[in-house]
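What follows is a single structure, written as structure tokens, with notes after it.
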Amino acid sequence: MAEDEANLRLVLQKELERAGHDVRVAADGEAALKLLEESNVDVLLTDISMPRMDGMELLRRVHQRPNPPEVVMLTGHATVETAIEAMKLGAYDYLSKPYHITELDALVKQAAEKRRLRVDNQRLRAQIERKNAAPEITFVSEAMRDVMHLVERVAPSDTSVLITGESGTGKELIAHAIHRLSRRCEGSFVDLNCAAFQETLLESELFGYEAGAFSGAKSRKLGLFELADGGTLFLDEVTELPAPLQSKLLRAIETQTFYRVGAVRKVQVNVRIIAATNRDINQVTGDGSFRSDLLYRINGFQINLLPLRERPEDIEPLTHRLLGDLASHNSPEIAADAMDALRSYSWPGNVRQLRNVLERAVLLSNDNRITRAELPPEIVAPAGAPAFAYAGVAAAPGQSATTPPLREVERQQILAALEQTNWHRGKTAEILGISPSTLYRRLRDYNLTRRA
Ligand SMILES: Nc1ncnc2c1ncn2[C@@H]1O[C@H](COP(=O)(O)OP(=O)(O)OP(=O)(O)O)[C@@H](O)[C@H]1O
Ligand SMILES: [Mg+2]
């Protein structure tokens, strides 16, 4: 309720509270707007003439906000004109003084009822939209179907989720889907790549800083943790977080409070955490590079995405889907033998690599048709021969000698791409559709160095 006259304000507050309403009061329009920021208000009662911001201006400003309350204008000397103008601007109704408190009470109840119906209606509509919230995730495999069930189950809760899987398997896509299917879907989805910054920058990205916290901090900057208030914070490559920040993050998640850099007072937030990593989490906690208590905290629920080569049945629908995205109205055709080649390749860079290969093929294609000629050599094996000469490793029991172990397949593919680019790491990562840091890790894992 916005009313500049203190006595009247007090009387109205007492009476309305006696009638069972929860009442907040403000002495002018600006103060009322501030109250609306802080709490969920069903009905706003406002005087028309007030200092600083009058009732008509308040009405205008309220209607620029998402989900505005119903507004009832209270006025001492309403002219017909102002009443009509208020109604045109979307006021629910108006009352001119003198009015009886029972009249006011009845009007507030009706207005509140109307707002509740409107909010319910919106919620229902949002629910229907959410049912189709993940249409961009394409799959036919059982493994991905299980993943989508987990996504649906965990999304509505506030549980932290850790998404694991190789580079390019769709971790970010899944994180978005969880947010959209959550109750926080109207809040923001904020993402931070924990490997992208060095420690001090990362800290101010995460928690923000106060003016003067360090030289160059001219004014206060809000961190991503604060910007994600009421929404979701996605911590990508979370295992790359430097150790001192790991403990700050743990405290922030546990208490839902933190200090901006250089601040003396804590900030309180309500943030849901989704994290992702392409590392083996047992390994990173085992070697001490990642705190196990933090892992435990963010790993409330784990979703693991299988690499594409372990769900090859997804390759074909993904190919059609990605080609459709690349050329929305005139989607290119793909020759059967080219599709076969895509299906039998092992995709170390997973869906991202598939997308890169298709992008390139579309550019090279004639007559809007993709054939083997438009696919990179490492994917199109020479007819009748395997993509690379495979020799030397004894087949594991139960494994036929002609199917090499997956690690070996991947190693050979990385090697082929390295040869193709003359060991240029950036270009190699691009061909494989993996990030340079992933490539670096693979080179290390497979002990690959350039032969003289
Ligand atoms: N099931 C899917 N359906 C449609 N597109 C997909 C699917 N999975 C992945 N993609 C697409 O593949 C690309 C890579 O996905 P995303 O960025 O989510 O992978 P990531 O696991 O986060 O990779 P990284 O670990 O390298 O960050 C994106 O363009 C994404 O839209
Ligand atoms: Mg990602």
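The values are calculated or read from the model by the stated rules, or taken from the named source; none is laboratory data. What you are looking at is a predicted structure, and each value in this text was computed from that prediction instead of being measured. Cβ sites come from the backbone with ideal geometry, for glycine too, and all protein chains shown count toward neighbours.
Residues that are touching a residue at least 12 places away in the same chain (Cβ under 8 Å) and surrounded by fewer than 12 Cβ atoms within 10 Å (Cβ to Cβ) within segment 68-98 comprise 77, 97, listed in sequence order. The set of residues in segment 177-189 that are surrounded by fewer than 19 Cβ atoms within 10 Å (Cβ to Cβ) and either of a type in the set (Ser, Thr, Tyr) or near ligand 1 (Cβ under 10 Å from one of its atoms) (or both) contains only 188. Listed by position, the helices (runs of 4 or more DSSP H) contained in segment 18-128 that have at least 1 residues being under 32 Å from the mean Cα position of the chain (by Cα) are 29-38, 55-62.
Does residue 253 fit the bill of being away from ligand 2 (no atom under 16 Å from the Cβ), buried (at least 17 other Cβ atoms within 10 Å of the Cβ) and assigned by TED's automatic domain parsing to the domain that holds residue 166? Spelling it out, residue 253 is indeed away from ligand 2 (no atom under 16 Å from the Cβ), buried (at least 17 other Cβ atoms within 10 Å of the Cβ) and assigned by TED's automatic domain parsing to the domain that holds residue 166. Against the test of being among the aliphatic types (A, V, I, L, M) and more than 16 Å from ligand 1 (Cβ to nearest atom), the options 192, 235, 206, 241 yield a single qualifying residue, 206. Look at segment 1-21: where a residue is among the charged types (D, E, K, R) and a partner is assigned to a helix (DSSP H, G or I) and surrounded by fewer than 16 Cβ atoms within 10 Å (Cβ to Cβ), sitting 6+ places away or on another chain with Cβ atoms under 7 Å, you get 15/101. Of all residue pairs spaced 6 or more apart or on separate chains, those with beta-carbon atoms under 6 Å, a first member in segment 180-191 that is part of a loop (DSSP other than H, G, I, E, B) and a second member that is hydroxyl-bearing (Ser, Thr, Tyr) are 184/232. Residues that are β-branched (Val, Ile, Thr) and within 20 Å of residue 276 (Cα to Cα) within segment 288-340 comprise 298, 303, listed in sequence order.
Is it true that some residue in segment 261-269 is within 16 Å of ligand 2 (Cβ to nearest atom) and either in contact with a Gly (Cβ under 9 Å, 6 or more places away or on another chain) or not charged (D, E, K, R) (or both)? For segment 261-269, residues within 16 Å of ligand 2 (Cβ to nearest atom) and either in contact with a Gly (Cβ under 9 Å, 6 or more places away or on another chain) or not charged (D, E, K, R) (or both): absent. The conditions of being within 16 Å of ligand 1 (Cβ to nearest atom) and either in a helix (DSSP H, G or I) or out of contact with any strand residue (DSSP E or B) (no Cβ under 7 Å at 6 or more places or on another chain) (or both) are met by residue 167. Of the residues screened, residue 151 is not one that is of a type in the set (A, V, I, L, M), near ligand 1 (Cβ under 10 Å from one of its atoms), in contact (Cβ under 8 Å) with a residue 24 or more places away in the chain and not in a strand (DSSP E or B). Taking segment 157-202 as the range and being closer than 26 Å to residue 315 by Cβ, within 11 Å of ligand 2 (Cβ to nearest atom) and within 15 Å of the chain's Cα centre (by Cα) as the test, the residues that pass are 163, 170, 171, 172, 173, 174, 175, 176.
Put simply, of 330, 366, 350 the only residue that is at pLDDT 95 or above and not aromatic (Phe, Trp, Tyr) is 350. If you go through segment 156-175 and keep only what is surrounded by fewer than 24 Cβ atoms within 10 Å (Cβ to Cβ) and over 26 Å from residue 432 (Cα atoms), you end up with 156, 157, 158, 159, 160.
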